[in-house]
Amino acid sequence: MTRRSPNLDAHRVRTIVDVIRRLPGAPTWQRIVRAVGEETGARYTRQALQAHTPIKAMYDVRRCSDPDEPGGPRLSARARAVIERERGYKRRIAELEARLTLYNEKFVLWSHNAHARNLAEQLFQRDLPPLDRARSKRTGKKRGTKPSRR
């Protein structure tokens, strides 16, 4: 019986995005799953990885980016480093633009659902209620703890 891999929290998602970023050549889900397994020791499915916006955005960016052209001119190490840094910046920009597009799509969906349920815009413009920090000091309880049963 195989053990279930840990849930994908924010730290693991960032690690997987870095793995995809460093993956040489054109990425495939099979290569990504294998590389993530080697890096983290956990085996995730394509569906589990694709369900997270940053991972999907990085995959889409890497899949659509131009592959390295073999047989290019010989450059100095410094020139190659500058070109690689520029490629990294371009990939990062493309990744952020893809993520922004996904968030915009999510916003449109939420706007439509709010309008369909006749929710007023003022409802969404209200400030958050203030935190009562003194309450937690009075009770002496840690956040997220359950009361003990006696």
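Quick rundown of the values:
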read-out	value
Test: residue in the stretch 48-55 that is of a type in the set (Ser, Thr, Tyr), in a helix (DSSP H, G or I) and at pLDDT 90 or above	no
Pairs, first more than 18 Å from TYR59 (Cα to Cα) in the stretch 88-117, second at pLDDT below 90 and in a helix (DSSP H, G or I), C-beta under 9 Å, six or more apart	LYS106/THR53; ALA114/GLU121; ALA114/LEU123; ALA114/PHE124
Matching entry among ARG87, ARG62 (being surrounded by 14 or more Cβ atoms within 10 Å (Cβ to Cβ) and either modelled with pLDDT of 90 or more or assigned to a helix (DSSP H, G or I) (or both))	ARG62
Hey, ARG135 modelled with pLDDT under 80, outside any loop (DSSP other than H, G, I, E, B) and exposed (fewer than 11 other Cβ atoms within 10 Å of the Cβ) or not	yes
Top-ranked residue of the stretch 43-57 - restricted to ones that are within 12 Å of PRO27 (Cβ to Cβ) and either among the charged types (D, E, K, R) or touching a residue at least 60 places away in the same chain (Cβ under 8 Å) (or both), ranked as surrounded by the fewest Cβ atoms within 10 Å (Cβ to Cβ)	ARG46
Selection status of ASN104, of a type in the set (S, T, N, Q), closer than 22 Å to ILE55 by Cα and within 25 Å of the chain's Cα centre (by Cα)	yes
Number of the condition not met by GLU105 [criteria: (1) outside any loop (DSSP other than H, G, I, E, B); (2) modelled with pLDDT under 85; (3) of a type outside the set (Ser, Thr, Tyr)]	(2)
Per-region count, the stretch 4-38, residues farther than 23 Å from LEU96 by Cβ and part of a helix (DSSP H, G or I)	6
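The values are calculated or read from the model by the stated rules, or taken from the named source; none is laboratory data. Computed from a predicted structure; not experimentally measured. Please note: Cβ atoms are built from the backbone with ideal geometry, for glycine as well, and neighbour counts cover all protein chains shown.
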